[in-house]
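The values are calculated or read from the model by the stated rules, or taken from the named source; none is laboratory data. Here the structure is a predicted model, which is why all the values come from computation and not from measurement. FYI the Cβ positions are ideal-geometry reconstructions off the backbone, even for glycines, and counts take in every protein chain you see. When the accessible area is computed, the model is the full protein with side chains, heavy atoms only, and any ligands, DNA or RNA have been set aside. Shrake-Rupley method; radii C 1.70, N 1.55, O 1.52, S 1.80 Å.
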Amino acid sequence: MKKLFTRAAASLSRRYRTMSIQMVISLSFTAAAVAGMLLMGLSLVWRYSAGTEQLVRENTERVLSQVNMNMDSYLRRMMRVSDTMYYRIIKNADLATQSLDEGMELLYEENRDELVSIAVFDSKGALVAGTPLTALKEGADPASSDWYQAALDKMENLHFSTPHIQHLFADPDDSFRWVVSLSRYVQLTREGSTYSGVLLVDMGFSGIEQVCRDVELAGGGYIYLTDAEGELIYHPRQQLIYAGLETENNLAAASLPDGVHTETFEGERRLVAVKTVGYTGWKLVGVVPRGGASDDGYTFLFGLSMLLFSAFLMALLNFRISARISDPIRRLEQSVKELEAGAQEVAIREDGCYEVRRLAHSIASMVSTMRHLMDDIILQEKRKRRSELEVLQSQINPHFLYNTLDSVIWMTEAGRYDEAIQMVTSLARLFRIALSRGRSFIPLADELEHARHYMTIQQIRYQDKFTASVTAEEGVEGLYTLKLIVQPLLENAIYHGMAGCEEDGRITVTARRDGSDLVIDVADNGTGMPPEVVERLLDESQPQTRSSGSGIGVRNVHRRIRLTFGEQYGLEVFSEPDEGTTVRIRLPALTAEEAAQLQREEEP
């Protein structure tokens, strides 16, 4: 097995060494893209599944809470009827001289849509008053009823019964009405003496049924109602359950605490939300079935087909892109081979990506220099180049350029061409503004544009670890400023302010006019600095700390502004630990004519 693996690895290695750069790029990009799409697809499926379940949970809880509020409101109305009957009618009546009928009838008429009957019984179960049903059925014994005994046993409570057919009173309509009984202990007064009694309010079950019936849950879910022991009070398929044609896990649901739970009932996984109805101990239960295996299979097949189709498109696209990248390299290789063979005139085409163009340009320059320049001219050119590099180094450190180009390389290798193009474009414009044809004063719009390109490069390099915004007050972008004074502050904010930020880093640049001055604020929400560090930052007597960025220090900017415009201008630093840092640049508001005059004064 080991030998087989070794031979396969050696074969792949030989093929790799003989493989064209186009094929290497195409295969590498395709493999990386397919792996990325696979990981992303799995992640999206998982997140979609988790998000959907969470959404269903929240929606079920929200619907259940709304139904509970409606149920609670309905029960409260019944309780208010009971309270009104007891505290305003029964307690204010002496049965020896007064009747409860008139007040009871008025109360019933006010709530007749929700009530079936109101009745008062004495301690022996005899009917004292009732409306609209006033006669007990023959053989009816209220004193033996559960609601009657519960009211006498727990005098301080209101007692709700489970739904049942009203069988106590003789109904002239001979109808079988489903009711829920609300009973309570009351004290009756006769000739100044009090004795025990029970108030019974029968409310129609249709009110409870209406609260639960029209509720819809996701995926064909439904709501049912049980008492504290799990006996069904309402269920949308209650008749089928009583007939034994369907079953429900109501006894287990009644024992669950309030919240959302997952259960498997009769081989089906489903979400079960439980909410206790106040004052009654009843349980509202919402059931949402989970998707079946067939849905998962269709989702898997659809996802697999989309992955294969995407992989095919990606392979085709990568082949075309790799050809576009590798063709200039192949042409350059052919030109080098011709030079090696001794060809005197070789046309070296400078096309392709930035690095290839630079390489072709370097080869062409090298060939031209080798054939047409003398040793002293070569030496002179080297000295001149060294001098130019030293001047450039005072503006932008090669580390920044190297890191930027290195980022472009790995982004190109990773297939992130749009970001690579954006980075190279920003770098080119960054250099164009930095050079500014040798001018020291440039429009504020160019300086802010320079800052935007710099932040674009850094955001891509740091993979959007922070956000950046560059804004200016209307009318100030036409003013002029010293060039390259904002970038060093941005650089300082990135390397120091953003160093401790894990996420949500933010850097803002705002320009505004303050009287006859131009004010530019560079602010970050980074780690901030203690007061002693702030005091030392612009102190010329303290040693200067150089960063790994562009090389233009904050103190350098402060010194340049003061030498150009005077001591009243320069930088101010506002910072607190863990609160971020704001560096304020204060300059005179220069017009184009004033900037041109200063430029002429600086020139020899």
Review point. Would you pick out the residues in segment 553-604 that are assigned to a loop (DSSP other than H, G, I, E, B) and open to solvent by 40 Å² or more (accessible area, probe 1.4 Å)?
Key: 567, 568, 577, 578, 579, 591, 603, 604
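Given the residues 412, 369, 425, which is the only one that is in a helix (DSSP H, G or I), surrounded by 12 or more Cβ atoms within 10 Å (Cβ to Cβ), polar (S, T, N, Q) and at pLDDT below 75? Give the steps one after another, and end with the answer.
Values: 412 fails: at pLDDT below 75; 425 fails: at pLDDT below 75.
Within the list 412, 369, 425, the selection yields 369.
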Review point. Hey, residue 220 hits all of (1) closer than 29 Å to residue 152 by Cα; (2) touching a strand residue (DSSP E or B) at 6+ places or on another chain (Cβ under 9 Å); (3) surrounded by fewer than 23 Cβ atoms within 10 Å (Cβ to Cβ) but one; which does it fall short on?
Key: (1)
Check your understanding: Between residues in segment 346-364 that are over 21 Å from residue 407 (Cβ atoms) and among the β-branched types (Val, Ile, Thr) and residues that are assigned to a loop (DSSP other than H, G, I, E, B) and open to solvent by less than 70 Å² (accessible area, probe 1.4 Å), which pairs lie under 9 Å by C-beta distance while being six or more apart or on different chains?
Key -> 363/348
Check your understanding: What's the number of the condition residue 448 fails, among (1) open to solvent by 10 Å² or more (accessible area, probe 1.4 Å); (2) within 30 Å of residue 600 (Cβ to Cβ); (3) not in a loop (DSSP other than H, G, I, E, B)?
Key -> (1)
Check your understanding: Looking at residue 75, is it open to solvent by less than 40 Å² (accessible area, probe 1.4 Å) and either modelled with pLDDT under 85 or out of contact with any Asp or Glu (no Cβ under 7 Å at 6 or more places or on another chain) (or both)?
Key -> yes
Revision key, fill the gap. Log entry, pairs with first residue in segment 117-143 being more than 22 Å from residue 89 (Cα to Cα), second being in a loop (DSSP other than H, G, I, E, B) and open to solvent by 40 Å² or more (accessible area, probe 1.4 Å), beta carbons closer than 6 Å, six or more apart or on different chains, reads 137/170
Check your understanding: residue 308 fails exactly one of the following numbered conditions: (1) at pLDDT 75 or above; (2) open to solvent by 50 Å² or more (accessible area, probe 1.4 Å); (3) within 29 Å of the chain's Cα centre (by Cα); (4) among the hydrophobic types (A, V, I, L, M, F, W, C). What is the number of that condition?
Key -> (3)
Review point. Within segment 260-270, can one find any residue that is surrounded by 14 or more Cβ atoms within 10 Å (Cβ to Cβ) and among the basic types (Lys, Arg)?
Key: yes
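Taking the conditions exactly as written (loosely packed, with under 13 Cβ neighbours inside 10 Å, over 30 Å from residue 221 (Cα atoms) and modelled with pLDDT under 75), does residue 17 satisfy them or not?
Numbers: loosely packed, with under 13 Cβ neighbours inside 10 Å: yes; over 30 Å from residue 221 (Cα atoms): yes; modelled with pLDDT under 75: yes.
Judged against the criteria, residue 17 is a match.
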Practice item. Mind listing whichever residues of segment 455-490 are farther than 29 Å from residue 600 by Cα, in contact with a helix residue (DSSP H, G or I) (Cβ under 8 Å, 6 or more places away or on another chain) and in a helix (DSSP H, G or I)? Key: 455, 456, 457, 458, 460, 461, 490
Study note, to complete from the structure: Within segment 441-473, the residues that are at pLDDT 85 or above and charged (D, E, K, R) are 446, 447, 449, 452, 473
Exercise for review: Report yes if residue 287 is in contact with a Leu (Cβ under 7 Å, 6 or more places away or on another chain) and surrounded by 15 or more Cβ atoms within 10 Å (Cβ to Cβ), otherwise no.
Suggested key: no
Review point. Given segment 229-341, what helices (runs of 4 or more DSSP H) lie entirely inside it while holding 1 or more residues that are over 30 Å from residue 158 (Cβ atoms) and touching a residue at least 24 places away in the same chain (Cβ under 8 Å)?
Key: 293-340
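Which of the residues spanning segment 168-204 are of a type outside the set (D, E, K, R), open to solvent by 20 Å² or more (accessible area, probe 1.4 Å) and either under 25 Å from residue 279 (Cα atoms) or at pLDDT 85 or above (or both)?
The initial filter retains those residues of segment 168-204 that are of a type outside the set (D, E, K, R), namely 168-170, 172, 175-176, 178-183, 185-189, 192-201, 203-204.
Within this subset, residues satisfying the condition of being open to solvent by 20 Å² or more (accessible area, probe 1.4 Å) are 170, 172, 175-176, 178, 185, 187, 189, 192-196.
Matches in segment 168-204: 178, 185, 187, 189, 193, 194, 195, 196.
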Check your understanding: Among the numbered criteria (1) modelled with pLDDT of 90 or more; (2) open to solvent by 90 Å² or more (accessible area, probe 1.4 Å); (3) not hydroxyl-bearing (Ser, Thr, Tyr), which single criterion is violated by residue 109?
Key -> (1)
Review point. Taking into account only those residues within segment 132-167 that are open to solvent by 40 Å² or more (accessible area, probe 1.4 Å), under 57 Å from the mean Cα position of the chain (by Cα) and among the polar types (S, T, N, Q), which is nearest to residue 198 (Cα to Cα)?
Key: 149
Practice item. Considering (1) surrounded by 20 or more Cβ atoms within 10 Å (Cβ to Cβ); (2) touching a helix residue (DSSP H, G or I) at 6+ places or on another chain (Cβ under 6 Å); (3) touching a residue at least 24 places away in the same chain (Cβ under 8 Å), say which one residue 81 fails and leave the rest. Key: (2)
Practice item. Answer yes or no: is there a residue in segment 196-213 that is over 30 Å from residue 271 (Cβ atoms) and free of Cβ contacts under 8 Å to residues at least 12 places away in the same chain. Key: no
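Taking segment 327-366 as the region of interest, how many residues are open to solvent by 40 Å² or more (accessible area, probe 1.4 Å) and either more than 30 Å from residue 422 (Cβ to Cβ) or in contact with a Ser or Thr (Cβ under 7 Å, 6 or more places away or on another chain) (or both)?
Filtering segment 327-366 for residues open to solvent by 40 Å² or more (accessible area, probe 1.4 Å) gives 327, 329-331, 333-334, 336-342, 344-345, 347, 349-350, 353-355, 357-359, 361-362, 365-366.
From what's left, either more than 30 Å from residue 422 (Cβ to Cβ) or in contact with a Ser or Thr (Cβ under 7 Å, 6 or more places away or on another chain) (or both): 334, 336-342, 344-345, 347, 353, 366.
Count: 13.
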